[in-house]
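Nothing in this text is a laboratory measurement; each read-out follows from the coordinates by a stated rule. Because the structure is a prediction, the values reported are computed rather than measured. Quick reminder, even Gly has a Cβ in these numbers, built from the backbone with ideal geometry, and neighbours come from all protein chains shown.
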DNA sequence: AGTTAGTGCTTCGAAGTTGAAGCATGTGGA
DNA sequence: TCCACATGCTTCAACTTCGAAGCACTAACT
């Protein structure tokens, strides 16, 4: 992108510093994700999505509703239904109705699921340490954590959609469906 | 992650600081990607993969081979064939044989493709600015760019796969296929 | 209570992604 | 030259992902 357009896009150009930081951030994370994916597939034969789901369950005392799970991992509801089906068939989780809310499905991690996560964690940690943590000083780590925390909180605080895209002019009296299903 | 497990959780060596930084980094990037995806779909009706491909072409003077393209964006070859088919059908790129190597397919961005990228760029930049850049000071930006550059270079320098990791007796049987395309 | 709107999850169809296999071309050694 | 192997891309089948529609249950308002 050599920026040869006269001024039609220069309204909010990014300087090289900003652009470079954005690119390298995305690229580095993409590479890290890829390595993690490989490790999990090779060692435990599960995808990183499945690992995240199991890890989340293990961390939260073993039981969550589908919605809580989907919100934790950035994931669509229908996608979660699919993955939960796989995990259940593999005997790593079980699903049951919640006593509080008859609609809710309570997902519970099994012993086998816990064992799998436990067995996979060391290798996972090793990959993260080797690829991400090793080249960072304690100071870097603090900085990075601080910065990304601020960015994440900022994003979470952002309104889902300030203005509706021009795709559908929307109904007469329906401003926003508010259903933010990733 | 309350860390109440004595030592069975295998968190050997990742203190809360490290773990938290890793998590928030992945989560923030995931959220950013999601927002970018939405913007591109709403404004230009293309996926972020397609945008990346077009942007790469635009940046590299308009012409690359399929392999060069796939390597630039972290993407499978077969997936690129599929996407290139879509982009060609949409009139955003053309494909032709290379004069140097009869096997190679030379991908060229069209005027229409260039126009689309140019038109989409401001909105894209706006999203990145609003979500990522706004909550950062100049100092943060430098720090972040510096840190992630170091991490990325470190990853690129890593050997692909020196030795197969030892398997844990936890998961279902997996013969560990060492196929590494990407 | 009765009706209306909201919430939680699943099903369904369409589209995207991948690795392995296959085809065509290029390269290096006997 | 011939042959084996490497390289570049595509095809194929299986799998994953998503959004919209649908079902079941809950909450709110009258």
Query raised in the report: For label points placed 7 Å from Cα toward Cβ, what is the shortest-first list of nm distances from residue B:146 to its copies?
Result: 1.3
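Would you tell me the mean number of C-beta atoms belonging to other protein chains that fall within 10 Å of each C-beta in B:116-124, as a whole number? Show your work: numbers first, answer last.
Numbers: counts 0, 2, 5, 3, 1, 8, 7, 2, 2.
Shielding by partners across B:116-124 averages 3.
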Report task. Specify whether the C-alpha gyration tensor of region A:54-105 places it in the rounded, prolate or oblate class, a ≥ b ≥ c being the square roots of the eigenvalues: rounded for a/c under 1.5, otherwise prolate if a/b is larger than b/c and oblate if not. Result -> rounded
Query - Global form of region A:52-157, assessed from the alpha-carbon gyration tensor, a/c cut-off 1.5 - result: oblate
Query - Shielding by other protein chains, B:65-74, mean Cβ within 10 Å - result: 1
Query - Separation in nanometres of the label points that stand 7 Å from Cα toward Cβ, at residue A:65 and residue B:23 - result: 2.1 nm
Query raised in the report: residue A:157 to residue A:86: extension gain in nm, 0.36 nm per residue of separation minus the Cα-Cα distance?
Result: 22.2 nm
Query raised in the report: Put the label 7 Å from Cα along Cα→Cβ for residue B:65; what are its distances to the other copies, in nanometres, shortest first?
Result: 5.5
**Report entry** Average other protein chain Cβ within 10 Å of Cβ, residues B:92-99
**Finding:** 0
Query - Copy-to-copy label separations for residue A:33, where each label sits 7 Å from Cα toward Cβ, in nm and ascending - result: 0.0
Report task. Let me have the relative contact order for region B:17-140, percent, based on Cα pairs under 8 Å that are six or more residues apart. Result -> 27 percent
